[in-house]
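These notes concern the structure reproduced below.
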C-alpha cells in the first residue's frame, strides 16, 4: 500500500519539476483520480494551474452542477462542448471507436484552452490500471490508448501513473478531499457513450442518463 505522506511530498515535487515554471491545464472530471491530481497540482504550482471541466454531454445527471459547486474554489472553468462530442459520436456503435473519438475530442478541447491561456502542459489523472488495460489491448482508455498521436502540448504530466485505485483513494483521504469524491464510484472516461448499447444518438444518451440516475 502506498505511503501517502511520502507520495504526496514526492508528487508535489514532480509536478513542480515537470511543469518547468509554465502554466498547466488539468482535465478535472470530478472523479477521484483527477480530483487528487487537481489538489496536488494546486499545492504544487498554485495559480499556474488551470483546472478545466469539459461538459461532453455524456455526463451523469446533475454532474456538471455538482462538480462546479465542489471545485469552484480552484477557479474551475467549465467548457460546454456537448454538441462537439455528440456530433463526433453520432451513429457510432463500436465501443473502441467511441473511446478513441472521445480521446481525440478531449485533447482538441484542451489544446484550444491551453492556447487561450498560454498553458504548455496537460496534467491527467492516469492510473496504473489505465495503462495495463490500454497497453494490453483490453480496452483503450481515452487518456492513454485513446490519445491522438500528435498534440500541441510540451508534455503530459501524470503523477498517479504508478498507483492503483485503492491507493488513489487513500491519497484522497490524506489530502482531505470530501468522502463523496474519495470514494466515488468509477465512471468511464467516454461517459455515457459506452453505456449506450449500439449507435450513439442524443435520445439514447438521455435514456441512459436517466437510467443511470435511477440505479445510483
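Every condition in (1) buried (at least 17 other Cβ atoms within 10 Å of the Cβ); (2) touching a strand residue (DSSP E or B) at 6+ places or on another chain (Cβ under 9 Å); (3) modelled with pLDDT of 85 or more is met by residue 127 except one, and the failing one is (2). Here residue 156 meets the list (1) surrounded by fewer than 18 Cβ atoms within 10 Å (Cβ to Cβ); (2) modelled with pLDDT of 85 or more; (3) within 30 Å of residue 199 (Cβ to Cβ) almost entirely, failing just condition (3). One residue stands out in region 181-208 among those that are in contact with a helix residue (DSSP H, G or I) (Cβ under 8 Å, 6 or more places away or on another chain) and free of Cβ contacts under 8 Å to residues at least 40 places away in the same chain: the one that is farthest from residue 74 (Cα to Cα), namely 196. Checking each residue in region 79-101 for being touching a strand residue (DSSP E or B) at 6+ places or on another chain (Cβ under 9 Å), without any contact (Cβ under 8 Å) to a residue 60 or more places away in the chain and surrounded by fewer than 16 Cβ atoms within 10 Å (Cβ to Cβ) picks out 79, 80. Any residue in region 178-189 that is assigned to a helix (DSSP H, G or I) and surrounded by 13 or more Cβ atoms within 10 Å (Cβ to Cβ)? The answer is yes, given that some residue of region 178-189 is assigned to a helix (DSSP H, G or I) and surrounded by 13 or more Cβ atoms within 10 Å (Cβ to Cβ).
The values are calculated or read from the model by the stated rules, or taken from the named source; none is laboratory data. Note that the coordinates shown come from a computational prediction; the quantities given were computed from them, not determined experimentally. For neighbour counting, all protein chains shown are included, and Cβ atoms are generated from backbone atoms with ideal geometry for every residue, glycine included.
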